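Right, one structure below, let's go through it.
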Amino acid sequence: MQFPEWLRSLRFSGGDSKSEMDNLKTLLPSLPSSFSLSSLSLSPSSIIGLGALASLTTYWLVTRPRPIQPPCDLQAQSISVQGDQSCRRSALLKDDNLLEFYYEDAKTVYDMFQRGLRIAGNGPCLGFRKPGEPYQWISYTEVAERAQVLGSGLLAKGCKPNPQQYVGIFAQNRPEWVITEMACYTFSMALVPLYDTLGLEAMVHILNLAEISMVICDKEDKAESLLKIKEKGVTTTLSCLVLFNPFSAALLERGRKCGVEILQLSQIMVGSNINATPMTQIFFFFRLLPIRGHRCGSSGYFVIRQEDVSISYLPLAHMFERMIQVSMFCHGARVGFYQGDISLLMDDIKTLKPTFFPVVPRLLNRIYDKILGSVTSPLRRVILHYAVRRKQAELSSGVVRNNSLWDRLIFNKIQASLGGNLRFILTASAPISPTVLSFLRATLGCLIFEGYGQTECTAGCTFSMPGDWSAGHVGAPLPCAMVKLTDIPDMNYYAKNGEGEICIRGHSVFRGYLKDEERTGEALDADGWLHTGDVGQWLPNGTLRIVDRKKHIFKLSQGEYIAPEKIENVYTRCVPVLQVFVHGDSLQSYLIGVVVPDPEVFVNWAKERGVVGSYEELCQNPDVKKAVLEDMTAVAKEAGLKSFEQVKDLYLHPEMFSVSNGLLTPTLKSKRVDLRRVFSEQIAQIMLFLVSIF
């Protein structure tokens, strides 16, 4: 066979043959038009060499990394609705009609689990492990059977099979949590999660508002906290506690004295009517899952597969983790639970080897810091950053992989620490630093998506597009929602400039708060738009960037909500404190404060602690600042503030906030935007210092 004929006989398994042949021809040197291979006399060794070169070239063309083909034009990821540039919808939609259901046979959470049951059958569903042991799995069939038995047991204890029947759950993530949830949905009951950081006052409000008579707990200490509330006579409807774990006789007696029946989960399941007819759950609608509507190159729709595994450690009381799990169940995939101890999470991940890793930015920040902290020598640091730049260059061309030379030489240990099987990561709950996101996309060698939303819109309303690996935004609207920006004149944000409060409308938006028309009216306007309180900005490519917060409540990087005014009210109880401004950055996990000491008591207060000076001098004294911080910490702990609600450092300011200096409103409320602006330099210095020590 002549060389030209052999070359023409090559066929490639992927892509267009003509384009592949053109690529190959570009690798050959330019020759005169009169040149003919048939007229060229080659030695056998030359022919073998050319054949080897051609084979290697062909192998490279077939196996070279290929960029992920985005599902739409990445420069136009969203489209204006009816010509209104401030209101946009997904470019994946054909028109302005929003997607309501992704699968016609999965319109409720109950339906979605049943779909997974049909796919997986006796395949693994929920995983758990004991210390030092491998994961054990409960099958989809067994989960469905246990859920029906438990649901029948709830009916036997007096629960009604309708959406107005609320059952409380107060537990960490574990298989029984999901089985309880599915038991409720099987018989059309609604599950109401409780969790520690709510505080007793909030739990009392929820128990009374929903008229909850039964709460299912994991451990005895949680049951004791509920009995404490019952003993005070503030939760009249609470009458039954069901525990996952064994409990003491003392707890049983304590419950009897205050009229609360205490049972173990096995007791309520034994003897239940297993033949009770399930009723399709109609209360808790979930219209669209954030991860499953995107195309991913030639592989078609990028969906969760049956062989995928997710690690469950984020609180199930939050919508983010609930939606992750429902996504997995809908496709017959597996969910493995951590042991309940966050310090053992990395060991759980190494054992489970998840393919899907839902995270909050705080955890990604810790991974980032740990990677950089492990590289001590200057030479290794140079090599690491060079390898990251090379991988980021691939990312910029759309290539995402974990089998490059740099992965094998540099990043394989990092990837192995997360199990070595990660296909994709989803970060949400709070903004993430673009630097951290770009670095981890390079080092982890998997798809990392960022989303934005809130509980009131069923977790997600925007999502980063496959193929767009830029950072600094939260993606474009999902096909189930429209997003628009509205004017905020007080903060100088105007929709005509592509800035304003983020509002959401669509099938995923909630119907309202339970028995609270006033708050519902504040959140939902007459046209059905959910007002988030977040401030966004449309970028030229149609993606959304979060730039500010209209409401005072904000999140830290670990996803914890902060109500600064509540914290400020606590700190003003401190003797030396007159005014305080609590500031938090959603890229950080801690709070800082700007404190104005009380001029009438501050000098004498400091003198009692051995420090003498004028008011202004004391504000600059580091020992005095330390003493004020210690006093504030003591008051915060006494008031029951959580660790993340306490300031970690502060700046002492010698001038009062006032109307005249523009830091207070006429009603003497703090002007938070102006306070951030005035003290931006001090805030930046404190943040820089805290970053160096945390």
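Charges on Cβ only, +1 for Lys and Arg, -1 for Asp and Glu, centred on the Cα centroid of the stretch 554-692; of A563, P576, L618, which one is farthest towards the dipole's positive end?
A563
Roughly to the nearest percent, how much of the accessible area of the stretch 379-468 is carbon and sulfur, given a 1.4 Å probe?
Values: 1830 of 3400 Å².
C and S fraction of accessible area: 54 percent.
Restricting to bridges with both residues inside the stretch 109-269, how much of the DSSP beta-bridge set is antiparallel, in percent to the nearest 5? Write out the running numbers ahead of the final one.
Details: 4 of 19 bridges.
In the stretch 109-269, approximately 20 percent of DSSP beta bridges are antiparallel ones.
Could you tell me how many degrees, from 0 to 90 and to the nearest 10, lie between the Cα long axis of helix 319-330 and the main elongation axis, the longest principal axis, of the Cα atoms of the chain?
40 degrees
What are the residues whose amide H is under 5 Å from the amide H of L316, where those residues sit 5 or more places off or on another chain and H is modelled from the backbone?
N173
So which aspartates and glutamates can K353 reach, going by Cα to Cα under 20 Å and dropping same-chain residues fewer than 8 places off?
E133, E307, D308, E321, D341, D407
Per-residue HN-Hα couplings for the stretch 351-366, Karplus 6.51 cos²θ - 1.76 cosθ + 1.60 at θ = phi - 60°, whole Hz, x for Gly and Pro?
Per-residue couplings from phi come out as 6, 6, 6, x, 9, 10, 10, x, 9, 10, x, 4, 5, 5, 4, 5 Hz.
Could you go through the stretch 407-419 in sequence order and give the Karplus-derived ³J(HN,Hα) for each residue, using 6.51 cos²θ - 1.76 cosθ + 1.60 with θ = phi - 60°, rounded to whole Hz, and x for Gly and Pro?
5, 5, 8, 10, 9, 4, 5, 5, 5, 5, 5, 9, x
Based on DSSP, what percent of beta bridges with both residues in the stretch 554-692 are antiparallel, to the nearest 5? Walk me through the numbers on the way to the answer.
Working: 10 of 15 bridges.
Bridges in the stretch 554-692 are about 65 percent antiparallel.
How high is the relative contact order of the stretch 554-692, in percent, counting Cα pairs under 8 Å that sit 6 or more residues apart?
On the way: 190 pairs, mean separation 31.9, N = 139.
For the stretch 554-692, the relative contact order is 23 percent.
Where the centre of each part is set by its Cα atoms, how far does the stretch 339-387 sit from the stretch 466-507, in angstrom?
Rounded to whole Å, the Cα centres lie 31 Å apart.
For E608 and A393 in one chain, what is 0.36 nm times their gap in residues minus the Cα-Cα distance, to one decimal in nm? All intermediate terms of the calculation are to be shown ahead of the outcome.
Working: separation 215, 0.36 × 215 = 77.40 nm, distance 6.09 nm.
Net length gain for the segment: 71.3 nm.
How far apart, in nm, are the 7 Å Cα→Cβ label points at Y494 and K413?
About 5.6 nm, to one decimal.
As I understand it, the value is the acute angle between the Cα axis of helix 220-231 and the longest principal axis of the Cα atoms of the chain; what does it come to in degrees, rounded to 10?
Between the helix axis and the principal axis of the chain, the angle is about 40 degrees.
Karplus couplings for the stretch 180-185 from phi (6.51 cos²θ - 1.76 cosθ + 1.60, θ = phi - 60°), rounded to Hz, Gly and Pro as x?
Using θ = phi - 60°, the values come out as 5, 4, 5, 4, 5, 5 Hz.
Pairs K232/K637; K157/K228; K551/K671; K648/K669; K515/K566: which are spaced more than 18 Å apart, C-alpha to C-alpha? If you can, show how the numbers build up before the last one.
Values: K232/K637 23 Å; K157/K228 23 Å; K551/K671 12 Å; K648/K669 24 Å; K515/K566 24 Å.
Too far apart for the 18 Å limit: K232/K637; K157/K228; K648/K669; K515/K566.
Charges at C-beta only: +1 for Lys and Arg, -1 for Asp and Glu. How large is the resulting dipole of the stretch 557-690 about its Cα centre, in Debye rounded to 20? Walk me through the intermediate numbers first.
Numbers: 14 positive and 18 negative charges, 60 e Å.
For this selection, approximately 280 debye.
If amide H atoms are built 1.01 Å from N in the plane of the peptide, which residues on other chains or at least 5 residues away come under 5 Å of the amide H of D548?
Close amide H contacts, sequence-distant or interchain: V535.
Give me the angle, in degrees from 0 to 90, between the Cα long axis of helix 622-638 and the longest principal axis of the Cα atoms of the chain, rounded to the nearest 10.
80 degrees
How would you order 347-354, 257-264 from highest to lowest mean count of nearby Cβ atoms within 10 Å? All intermediate terms of the calculation are to be shown ahead of the outcome.
On the way: 347-354: 19.4, 257-264: 15.9.
So the peptides 347-354, 257-264, ranked by packing, come out 347-354, 257-264.
Under a 5 Å amide H to amide H cut-off, with H placed in plane at 1.01 Å, what residues pair with L243 once short-range neighbours are removed?
So L243 has HN proximity to C217, L263, Q264, L265.
Antiparallel DSSP bridges in the chain: what percent, to the nearest 5?
Numbers: 44 of 80 bridges.
Bridges in the chain that DSSP calls antiparallel: roughly 55 percent.
With a 10 Å radius around each residue's Cβ, average the other Cβ atoms per peptide and rank 525-534, 234-243, highest first. Write down the numbers at each step before the final one.
Values: 525-534: 15.9, 234-243: 20.1.
Taking the mean over residues of other Cβ atoms within 10 Å, the ranking is 234-243, 525-534.
For n ≥ 4 DSSP H runs only, could you compute -39500 (n - 2.57) per run for the chain, divide by its residues and tell me the 222 nm figure to the nearest 500?
Values: 23 runs with 248 residues, N = 694.
It lands at -11000 deg cm²/dmol.
With +1 on the Cβ of every Lys and Arg and -1 on the Cβ of every Asp and Glu, and nothing else charged, how large is the dipole of the stretch 109-269 about its Cα centre, in debye rounded to the nearest 20?
On the way: 16 positive and 16 negative charges, 29 e Å.
Computed about the Cα centre, the dipole is about 140 debye.
If packing is taken as the average count of other Cβ atoms within 10 Å, what order do 377-386, 333-342 fall into, highest mean first? Show your work: numbers first, answer last.
Numbers: 377-386: 11.9, 333-342: 20.3.
Ranked from most to least packed, the peptides come out as 333-342, 377-386.
So, for the stretch 109-269, what is the accessible surface per residue at a probe of 1.4 Å, expressed in square angstrom? Working shown, then result.
Numbers: 6420 Å² over 161 residues.
Per residue, the stretch 109-269 has an accessible area of 40 Å².
Hey, how many Å between the Cα centroid of the stretch 563-637 and the Cα centroid of the stretch 118-143?
Result: 52 Å between the Cα centres.
Which whole-number percentage describes the relative contact order of the chain, with Cα contacts under 8 Å and a sequence gap of 6 or more? Working shown, then result.
Values: 1208 pairs, mean separation 83.4, N = 694.
Across the chain, relative contact order equals 12 percent.
The values are calculated or read from the model by the stated rules, or taken from the named source; none is laboratory data. Model, not experiment: these values are computed from the prediction. Positions of Cβ are backbone-derived with ideal geometry, glycine not excepted, and every protein chain shown enters the neighbour counts. The area values use the complete protein model at the heavy-atom level, side chains included, leaving out ligands, DNA and RNA. Shrake-Rupley method; radii C 1.70, N 1.55, O 1.52, S 1.80 Å.
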